[in-house]
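To start, the structure under review is shown below, and the notes come after it.
The values are calculated or read from the model by the stated rules, or taken from the named source; none is laboratory data. The structure displayed is predicted, hence computed values, not measured ones. All Cβ positions, even for glycine, are placed from backbone atoms using ideal geometry, and neighbour counts span all protein chains on display. Just so you know, the surface numbers come from the protein's heavy atoms only, side chains and all, with ligands and any DNA or RNA stripped out. Shrake-Rupley method; radii C 1.70, N 1.55, O 1.52, S 1.80 Å.
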Amino acid sequence: MCGNNMSVPLLAEAVTVSAVEKETAAVIFLHGLGDTGHGWADTMTSIQLPYIKYICPHAPHIPVTLNMKASMPAWFDLRGLSPDVPEDEAGIKRAAEDIKAIIEHEIRNGIPPHRIILGGFSQGGALSLYTALTCKHQLAGVVALSCWLPLHRSFPSASSGHKNIPILQCHGEMDNRIPVPFGAMTAEKLKTVINPQMISFKTFPGLSHSSSPEEMATVREFIERYLPRI
């Protein structure tokens with residue numbers, strides 16, 4: 001593949017797991033608050049399909065209100081973790097544009113949007129939902145782990161109008177940071193934005209605000225279903 005990663009700031013530092021065969025699809029996966037792309041790149045490698053490239057960018061360091069304005073990797077500012085807390089609208093929209101720039105880069109380099117899945121965990125999952133729903137391209141799907149839909153009050157009017165994008169939501173039933181009812185509320189909201197039949201909401205008993213081999217097996221099945229070998 002050709003193309004200059006330096007023209008897309010997040011790609012220049014992203015962890016990329018290249019396909020071992022000809023690349024015909026891509027998964028872009030966004031980490032959670034305070035994390036980096038490294039751990040999720042390792043996780044993606046554990047479920048890797050040989051024809052898929054996995055891109056795990058790092059969020060920039062910014063002050064985060066939720067953590068007493070300490071600077072840390074974050075896609076946007078978080079002022080709280082309840083559904084009614086004021087949101088960083090400008091930061092969310094700016095971050096979504098940064099992720100859309102990665103998507104456009106992959107399209108320019110030969111991976112069509114219907115062969116790109118966007119996903120993430122926690123804040124990264126939230127951004128993946130918002131980005132996919134406002135993207136001008138209909139992507140192959142979204143993997144949304146332990147997260148919520150940012151700026152939910154702006155939907156469905158903020159949506160690009162793609163009604164048939166498959167969404168896999170996974171949530172730990174013992175999540176004490178983003179409780180599972182928030183995930184359920186998100187799933188119900190998403191049903192007002194896209195075809196309800198395209199949404200799959202799965203919960204995992206005993207799982208806290210983290211991932212598990214069982215959850216990642218579910219993610220792998222989703223990726224293989226919507227990014228089949230061609």
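Pairing each residue of region 73-91 that is open to solvent by less than 50 Å² (accessible area, probe 1.4 Å) and modelled with pLDDT of 95 or more with any residue that is part of a loop (DSSP other than H, G, I, E, B) and among the hydroxyl-bearing types (Ser, Thr, Tyr), provided the two are 6+ apart or on different chains, yields C-beta distances under 9 Å for PRO73/THR36.
When MET216, MET185, MET174 are checked against the criterion of being in a helix (DSSP H, G or I), out of contact with any strand residue (DSSP E or B) (no Cβ under 8 Å at 6 or more places or on another chain), at pLDDT 95 or above and farther than 24 Å from ILE103 by Cβ, MET185 stands alone in meeting it. Does region 112-134 contain any residue that is of a type in the set (D, E, K, R), touching a residue at least 24 places away in the same chain (Cβ under 8 Å) and either touching a strand residue (DSSP E or B) at 6+ places or on another chain (Cβ under 6 Å) or assigned to a strand (DSSP E or B) (or both)? For region 112-134, residues of a type in the set (D, E, K, R), touching a residue at least 24 places away in the same chain (Cβ under 8 Å) and either touching a strand residue (DSSP E or B) at 6+ places or on another chain (Cβ under 6 Å) or assigned to a strand (DSSP E or B) (or both): present. Could you tell me whether any residue of region 165-183 is closer than 21 Å to LEU33 by Cβ, of a type in the set (D, E, K, R), buried (at least 19 other Cβ atoms within 10 Å of the Cβ) and more than 17 Å from the chain's Cα centre (by Cα)? Yes, that holds for at least one residue. In region 194-216, the residues that are within 30 Å of GLY161 (Cα to Cα) and among the hydroxyl-bearing types (Ser, Thr, Tyr) reach residues that are open to solvent by less than 70 Å² (accessible area, probe 1.4 Å) and assigned to a loop (DSSP other than H, G, I, E, B) with C-beta atoms within less than 9 angstrom, at least six apart or across chains, in these pairs: SER200/PRO166. Here SER7 meets the list (1) under 20 Å from the mean Cα position of the chain (by Cα); (2) over 19 Å from ALA144 (Cβ atoms) almost entirely, failing just condition (1). Among all residue pairs at least 6 apart or on different chains, which show Cβ distances below 9 Å where the first residue, located in region 26-54, is closer than 22 Å to PHE76 by Cβ and open to solvent by 50 Å² or more (accessible area, probe 1.4 Å) and the second is aromatic (Phe, Trp, Tyr) and part of a loop (DSSP other than H, G, I, E, B)? Cβ pairs passing all conditions: LEU33/TRP75. Before we move on, is LEU149 assigned to a loop (DSSP other than H, G, I, E, B), within 17 Å of the chain's Cα centre (by Cα) and modelled with pLDDT of 95 or more? So LEU149 fits the description; yes.
Given the residues VAL17, VAL64, which is the only one that is surrounded by 21 or more Cβ atoms within 10 Å (Cβ to Cβ), over 15 Å from the mean Cα position of the chain (by Cα) and of a type outside the set (Lys, Arg)? Quick ask: steps written out before the conclusion?
Working: VAL17 fails: surrounded by 21 or more Cβ atoms within 10 Å (Cβ to Cβ).
Residue meeting the stated conditions: VAL64.
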